[in-house]
1. Which ordering of Leu73, Leu171 is given by a fewest-first count of other beta-carbon atoms within 10 Å?
2. For the pair Asn30 and Ser86, how long in nm is the line joining their label points, each one 7 Å along Cα→Cβ?
3. Which distance in Å, rounded to a whole number, links the C-alpha centroids of the range 87-110 and the range 142-191?
4. Going by how many other Cβ atoms sit within 10 Å of their own, how do Trp124, Trp187 line up, fewest first?
5. Just list whichever of Lys112/Lys167; Lys43/Lys107; Lys80/Lys167 have alpha carbons separated by over 29 Å in the model shown.
Amino acid sequence: MTLHPMIGFRTGSLSGALLLLALTGCQSYNSHPVAQTDGSYQKTPNASVKAAVWGTRQESVQSLTTWLMKRGLTLVDEVKMNQMASDIRANQPGTPVSNADVFKLGKLAGAKEIIFIDTDVTTWRANQFEDLLGQSRPIYTASVFVRALDADSGEIHWSGKALSMDKFTNLKEGIHQLTCHALATAWGLRPQPAPPRRQRASTERAASNVLRRNCIRFPLVGRRTGSM
């Protein structure tokens, strides 16, 4: 039996349309996020000040701790802070450790500055066409907010925030990069945006060099709105 030419044409057209729809439905994502930042400081960080770090995600706490140690700050041992927090949980079952508790723990450990880092992560799933092609994987958006407070007065010494402007695939490294950009903005290490065209290239190169020195290995990306 011979297949009617029109039927073959329609079948081929339908298959081609489905393939085109599937391909256009697939979107590629960067491994690391494009970051938008904001930050300010009232008092510049002092390497002689002992600080305690507390955060909601281990990845951002590790990045923050590495940054501070590279800048010469003395930190309360993370294991000691966690042990003291565990004691609070044991005495108050079902009650999370509050910021006020962290202040008390930090002061008991001799810290003069308490540094909080909060990280919010949203997980997205790939679309149905990527599922059909076997390319389904989690993608993320995230934000990092870090702030340093005086252990006695509660005054904010400095703060910075970084928000991913697009979805990305590498959660651990993405959080590290956002943490780095938030800190660089908070400490005034990111140059302000240059006028377009003539000065843009030189400013971006200078900003990239600053972040390479202070952010371990990630270059400057994306937009920034630092206010010092």
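Values quoted throughout were computed directly from the atomic coordinates according to the rules given, and no laboratory measurement underlies them. Just so you know, these numbers come straight off a predicted model, no measurement behind them. Cβ coordinates were reconstructed from backbone atoms using ideal geometry, including for glycine residues, and neighbour counts include every protein chain displayed.
1. Numbers: Leu73 20, Leu171 17.
Result, fewest neighbours first: Leu171, Leu73.
2. Those two pseudo-labels are separated by 3.9 nm.
3. The range 87-110 and the range 142-191 have Cα centres separated by 24 Å.
4. On the way: Trp124 11, Trp187 20.
Going from least to most buried by this count: Trp124, Trp187.
5. Working: Lys112/Lys167 37 Å; Lys43/Lys107 19 Å; Lys80/Lys167 36 Å.
Table pairs above 29 Å Cα-Cα are Lys112/Lys167; Lys80/Lys167.
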